[in-house]
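The values are calculated or read from the model by the stated rules, or taken from the named source; none is laboratory data. From a predicted model like this one, the values you see are computed outputs, not experimental measurements. Here the Cβ positions follow ideal geometry from the backbone for every residue, glycine too, while neighbour counts run over all protein chains shown.
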Amino acid sequence: MRTKRAYLLISIFVAASLLLAACGGEVATPTSVPAAATSTSAPAAATDTTAPAAATDTTAPAAATSTSAPSTGGVPAGKIAILLPETKTARYETQDLPNFKAELQAKGFDLNNLIYSNANQDASAQQQQAEAAITNGAKVLVLDPVDSAAAAAIADAAKAKGVPVVSYDRLITGSDAVAYYLSFDNAQVGKLQGESLLQALSGKTNPNIVMINGSPTDNNAKLFKAGAHSVLDGKVTIAKEYDTPDWSPDQAQNEMQQALTALGNKVDGVYAANDGTAGGAIAAMKSAGLSPLPPVTGQDAEVAGIQRILAGEQYMTVYKAIKSEAMAAADLALVLLGGQTPPASMVNGKVNNGKIDVPSVLLVPVAVTKSNINDTVIKDGFWKASDICTSDFAAACTAAGIK
Ligand code: BGC
């Protein structure tokens, strides 16, 4: 009992420090705390009914087979499952998963009791993975849904079995079975992208832009898109706009290719919702021979995105402190595993998912251009200079003051 209470107190402290750090301490630019999610409006329910591009992974989920769930060092006994949506975007396996595991381990959790599955953008595979995780003994699900609306069925089924669900990064909509939601202020992500694009286009009259949005089944993509439109509409001509199934970089490349053909290469700027789609759009523009390349936005502060910014191929990205997000998710999962109700201090708002107000932790996104790479992703320890400044980028790194 005493260890449980001590554990809870430590968790509260760590979560509170994380929030404080993420809300303004560690990165240079954010000046305000995240718009504590007081919004009560329901996010647009995913209306898209088109099937996502054929999933490549049809194999059964790699479910952990370990059946023992010993309690170690005051950590509650039992298994935790983390279900991530895809592998084409670098963040999941380079940031989310390792940081989630590291935090669990730091708290004394035996990683043999962690079940990890990745759905490779296949919503029905994710449902099977969730069922398998529960069958294999998961007592908490941390779920980053491929399809925000379809995942309601996963959450409802988990709740029926007494398994709490943490909606990780993407909101699970239309279910009252979502215990917590951890993410960033995603409308703000879209606004930062739109504002940066306007900044890059200042001086151009009525610029022509192409919008390459994210996956229509991802609630975040809707928020990024809405945030970007709120800034761009009326200030630019949106000549072509696409929703990109599965957030696929290849698909983004095709979309950009089509736009260039339709517009006779007359493109002044590109809104790309993340670094993966930015990479696809840039590849299309390079093969069409555009020079100089127009400004392109991105998100995730992937190494490849930062390197393109240094090389002058991409204008900006958005840094999200994924480490804080993953650590907060691990802390919440441990409290839930112990059968406790996390204290109010572990959350900083609530977000309505169309059914209920979900207690939420929302962190602050930061715009990154060449001028503040050092003060954001390097200073915050997200990347080391050596991760970015490989030989091809050494000179650009020096010029940008990255050390
Ligand atoms: C995440 C982004 C990511 C995208 C593609 C979004 O839900 O918030 O960070 O780039 O999905 O996986």
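Within segment 251-277, take every residue that is of a type in the set (A, V, I, L, M, F, W, C) and in contact (Cβ under 8 Å) with a residue 40 or more places away in the chain and give me the one that is surrounded by the most Cβ atoms within 10 Å (Cβ to Cβ).
Result: Ala272.
What are the residue pairs meeting all of these: first residue in segment 82-97, first residue touching a residue at least 24 places away in the same chain (Cβ under 8 Å), second residue of a type in the set (Asp, Glu) and not in a helix (DSSP H, G or I), Cβ atoms under 6 Å, and 6 or more apart or on different chains?
So the pair list comes out as Leu84/Asp144; Pro85/Asp144; Ala90/Glu302; Arg91/Asp300.
Being small (Gly, Ala, Ser) and over 24 Å from Leu260 (Cβ atoms) is the filter; apply it to segment 203-234 and report the residue that is farthest from the ligand (Cβ to nearest atom).
Looking at residues that are small (Gly, Ala, Ser) and over 24 Å from Leu260 (Cβ atoms), I get Gly234.
Output yes when any residue across segment 326-340 is within 16 Å of the ligand (Cβ to nearest atom), at pLDDT 95 or above, over 23 Å from Ser167 (Cβ atoms) and crowded, with 19+ Cβ neighbours inside 10 Å, and no when none is.
Within segment 326-340 (the criterion being within 16 Å of the ligand (Cβ to nearest atom), at pLDDT 95 or above, over 23 Å from Ser167 (Cβ atoms) and crowded, with 19+ Cβ neighbours inside 10 Å), the answer is no, since none of the residues qualifies.
Please go through (1) surrounded by 24 or more Cβ atoms within 10 Å (Cβ to Cβ); (2) assigned to a loop (DSSP other than H, G, I, E, B) for Ile82 and return the number of the only condition it doesn't satisfy.
Among (1) surrounded by 24 or more Cβ atoms within 10 Å (Cβ to Cβ); (2) assigned to a loop (DSSP other than H, G, I, E, B), Ile82 violates only (2).
For the subset of segment 301-322 comprising residues that are surrounded by 24 or more Cβ atoms within 10 Å (Cβ to Cβ) and within 11 Å of the ligand (Cβ to nearest atom), which member is nearest to Gly280 (Cα to Cα)?
Going residue by residue through segment 301-322, those that are surrounded by 24 or more Cβ atoms within 10 Å (Cβ to Cβ) are 301, 305-306, 309, 314-321.
Filter once more, keeping what is within 11 Å of the ligand (Cβ to nearest atom): 301, 305, 317-320.
Numbers: Ala301: 16, Gly305: 11, Thr317: 14, Val318: 17, Tyr319: 19, Lys320: 21 Å.
Restricting to residues being surrounded by 24 or more Cβ atoms within 10 Å (Cβ to Cβ) and within 11 Å of the ligand (Cβ to nearest atom), the top hit is Gly305.
Taking the condition buried (at least 19 other Cβ atoms within 10 Å of the Cβ), modelled with pLDDT of 95 or more and under 30 Å from Gln199 (Cα atoms), does Lys379 pass? Let's see the steps before the verdict.
Details: buried (at least 19 other Cβ atoms within 10 Å of the Cβ): no; modelled with pLDDT of 95 or more: yes; under 30 Å from Gln199 (Cα atoms): yes.
When the stated conditions are applied, Lys379 does not pass them.
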